[in-house]
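**Q** Let me begin by handing over the structure; questions about it come next.
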Amino acid sequence: MSTIQQEAVQPDPLVSLGEAIESAAGSVSGVAANASVSAKAAARKVKATANSGAYHAAYGVAYGVVFSAVFLVELLPENNVLRRGLENGAEEGLDAAITKSAARRAKHRVLIEAEEEELEFDQEDDAVPHVEEKTAPSKKKSTDKSN
């Protein structure tokens with residue numbers, strides 16, 4: 001009778017350790033990527049919430065002040081000095097706000113037009129290569145915009 005002995009194949013412990021380390025490293029990098037994405041999403045939500053809160057607080061204050069003033073004006077008699085002062089002050093404030101807003105828009109419009117002209121000027125310079133020859137004077141475009 002012959003006895004067949006089978007050798008048990010034992011895995012190399014270093015191979016198992018290497019596989020475990022690779023698996024852990026893959027998990028850590030995946031977690032880091034997920035954490036970065038989650039942090040960015042959370043930051044966007046916090047910013048949106050803070051902006052919304054600031055807007056609603058400012059809106060509430062403005063509404064409360066204007067509504068209170070209008071309500072107070074309506075309670076006062078028509079020939080009351082306080083009522084006339086509130087009405088005239090409201091009209092002057094509205095006119096000043098409209099004037100200031102128009103001036104700010106005009107200034108912004110001028111700045112945008114200046115930036116567009118500068119961009120066009122830069123594009124013209126980039127589009128035409130300036131090659132100077134020693135025998136002939138250079139022919140550069142006139143950029144005088146005083147017309």
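Derivation of every value follows stated rules applied to the coordinates shown; laboratory data play no part. Owing to the predicted nature of the structure, the values given are computational and were not obtained by experimental measurement. Note that each Cβ is placed from the backbone with ideal geometry, even for glycine, and that neighbours are counted across all protein chains shown.
**Q** If r is the Cβ-Cβ distance from Ala62 to Ala39 and R0 is 35 Å, what FRET efficiency results, to the nearest 0.05?
**A** For R0 = 35 Å, the calculated efficiency reads 0.50.
**Q** Using 0.36 nm per residue, how much length does the chain from Glu91 to Glu118 gain when fully extended, once their Cα-Cα distance is taken away?
**A** Here the answer is 5.6 nm.
**Q** Quick one: grab Rg to one decimal and Dmax as a whole number for the range 16-75, Cα atoms only, in Å.
**A** For the range 16-75, the Cα-based Rg and Dmax read 25.7, 86 Å.
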